[in-house]
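See below for the structure under consideration.
What follows is calculated from the coordinates using simple rules that are stated; it is not laboratory data. Nothing here was measured: the structure is a model prediction, and the numbers come from that model. Using ideal geometry, Cβ is built from the backbone for each residue, glycine included, and neighbour counts are taken over all protein chains shown.
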Amino acid sequence: MIKIRKNDSGGPSPERPRRDDSRAPRRDDSRSGRDENRAPRRDESRGPRKFEKRDGPRDGGRKFNKRGGGNRGGRDFFGNKPERPMRDDDAPAKSEVVANHRFNDISDIDDQILHLLEKRAFLIRKEGAWRKSRQKSLVDPKLEKLLRGSFDRKAGELSLDAKLAKQLFTVLNQFSLADVRKKFEGEGYKLAPRVDRIKAGIAGPRSFRYTRMMLAMAASSGSKVSLSPVTMNAPNKDLAKALKQVGAPIFWDDDWIKNEGGKTLEFEGNMAFVGEDPFNFYMLLCLALGHAGRCKFTGKPALQLLDVASLNKTLPSLGARLVPMNPNNPGLPVRLECGGFMDEAITLPGNVDPEFAAALTLAAWSFSGGLTIKGLNKAARVRVAEAVEVLTACGIKATLKKDSVTISDGVPVIDTNPLLPLSVKLNSMLLALPILSGGSINIEGGWPKNDHADKVLEQLGALGLTVNVATENVVAVMDGTLPESAMITLGEDADLMPLALALALKVGNATLVGAEDPTVLELLDRMGASYEITEEGVELKAGRRKWDDTWFSPDPTWSMGCALAAYSVPGIVLENHGEVTSTWPEFWNFYNSLPTGIMKPKPVREKKDDTRRRIKIR
């Protein structure tokens, strides 16, 4: 018979701890004569007892229930079933709760990093303003050296990747040199176009790349040329200024650029500021390869992060090399040393920038014996085809094959007033307007004749648009039926992804073919669109969409793409719509004048008719 004390709680207490509890008083084994070096008991050596789950049933085959135990079927000792807890279907899942906690923690850290970054950029910018007032360079080399050394030491103490830490320090410095982004205040620029059949006409913007390549050809060959109409945006103007810095007699106005001719380029000992477009830098670099000597190139902060080290895999075969003037920056400013022996054929590495391949193709006529370029990938071949088109128009023989191109040397013969083709990237958006709202549009200018331009017409035709291409204009009429579903392949070209998204939203059930673009996914999330990422691309599903909040566009092309997407999702609000004006000044004027397309006249500059002279009286 087991005796139970009346005041026994049946559990451990300070006076009677568990056998494995560290608070339990140790027995003095010296009284019993035990050795202190004896082996510990099983409980002391192994810690708490562990129970393993057996394969067979317990207690002689009785079924055990998790709720009640034994064979009671989940009932308690008195035979009553315990009440089950109420299940809340609206309660968030545990994984969602954990994800929210992680988001809050990481977001708080990011917020602190950005505030510190803004403060750091302000201090360096303040130092640069002081140095500029004393006619010095914006960056203090001694200060930057000390900061970099301290940054590298701290990164090593924290066991951070050394290469990434160096890149991070360079990026941090760019924030102090880049333009300050103004804090957004206000309601933004709301896009709510009038969905009505359009009947409009416009002089389409000419190809910026073709214009720049033709200008580079004229300046390097000393030909007299007048390019018009020209959109004088930043890339065109920066190239004109850079060519003038190396000896070209170039002049420009609002809608034209002229090269007086009679003088070729002189790179020896000169420094050219190429702006922020990599293609401008590549063209000047490749044109300089035919001249022996040294020259320098510099540009805006964006080009200071350009990976020029990869170019030195190709330039030695052309008798040249690039030397960074700031060893802490991977990009510009750089010094070009050239004049060595040049191979007649080279093979480009697989990761070559397509813009560099196009620039090298354009300049190869100036090399003795010409050049054969091999190893062109798909993206590089598209850009090279544009350069071949310009060379052919200038009388230079260029043969483009599947993965190579051969350019012969010679003397370019350039028309005084060459025809500039329409920009595929910009005018394809104009051609798509009848698909979005119905009607027709007439674009003044010649449509390019290449695979890239033909692919755009093929895609628009598959959506019911009829396009008539003439010598001096292009007419698009929406006389077909929009399909219930479509495969949009224009997104394979990054420049056409904004247009591809607008067309997919109009169709409803559509698949955006191409790599997953984070900008596309961000816009779709803001619209509340239903989509699924598949092997073919982003598959959109028809449904009601609604815009939320304002958006800072990463590129003027995306701003224009949002203007087209607003036909299907009205109410898109942009924070930086003004950046489009620097790329295409007439866009918003034309967009807001639809469906008629009758734009407001440009403001006329006032002419000073004051003929009075100031006479100095002594």
Fill in the blank from the handout: Sorting 462, 391, 476 by the position of each Cα along the dipole of the range 381-493 (Lys, Arg +1; Asp, Glu -1; all at Cβ), the one nearest the positive end of that ordering is 391
Problem - Extension reserve of the residue 95-residue 534 stretch, reckoned as 0.36 nm per residue once the Cα distance is removed - result: 155.6 nm
Practice task
Please work out the ratio of the alpha-carbon Rg of the range 151-281 to 2.2 N^0.38 Å and round it to two decimals.
Solution key: 1.58
Handout entry: Gained length - residue 582 relative to residue 144, 0.36 nm times residue gap less alpha-carbon distance
Key = 154.3 nm
Fill in the blank from the handout: One checks the Cα atoms of the range 109-177 and finds Rg and Dmax, in Å, of 13.2, 40
Fill in the blank from the handout: PRE zone check, label point 7 Å out along Cα-to-Cβ of residue 294, amide N under 18 Å, scope the range 304-338, hits 316, 319-328, 332-338
Practice task
Work out the length of the dipole vector of the range 109-177 about its Cα centre, built from +1 on the beta-carbon of each Lys and Arg and -1 on the beta-carbon of each Asp and Glu, and round it to the nearest 20 debye.
Solution key: 520
Completion exercise
Projecting the Cα atoms of 366, 345, 216 onto the charge dipole of the range 206-407, where Lys and Arg contribute +1 and Asp and Glu -1 at Cβ, the residue farthest towards the positive end is 345
Completion exercise
Rounded to the nearest 0.05, FRET efficiency between residue 593 and residue 122 (Cβ-Cβ, R0 35 Å) equals 0.25
Practice task
For the range 249-343, just say rounded, prolate or oblate: build the C-alpha gyration tensor, square-root its eigenvalues into a ≥ b ≥ c, call rounded for a/c under 1.5, and beyond that prolate if a/b exceeds b/c, oblate if not.
Solution key: oblate
Exercise for the section: Find how much the distance from residue 167 to residue 450 grows on full extension, using 0.36 nm per residue of separation minus their present alpha carbon separation; answer in nm with one decimal. Expected result: 98.0 nm
Fill in the blank from the handout: Of the candidates 121, 156, 146, the farthest towards the positive dipole end of the range 109-177 (Lys/Arg Cβ +1, Asp/Glu Cβ -1, centred on the Cα centre) is 146
Problem - Cβ-defined net charge surrounding residue 372, 11 Å radius [Lys, Arg +1; Asp, Glu -1] - result: 0
Exercise for the section: Place a +1 charge on the Cβ of each Lys and Arg in the range 255-363 and a -1 charge on the Cβ of each Asp and Glu, then give the dipole magnitude about the Cα centre in debye, rounded to the nearest 20. Expected result: 300
Handout entry: Charge dipole magnitude, Cβ of K and R +1, D and E -1 - the range 206-407, Cα centre, debye nearest 20
Key = 220
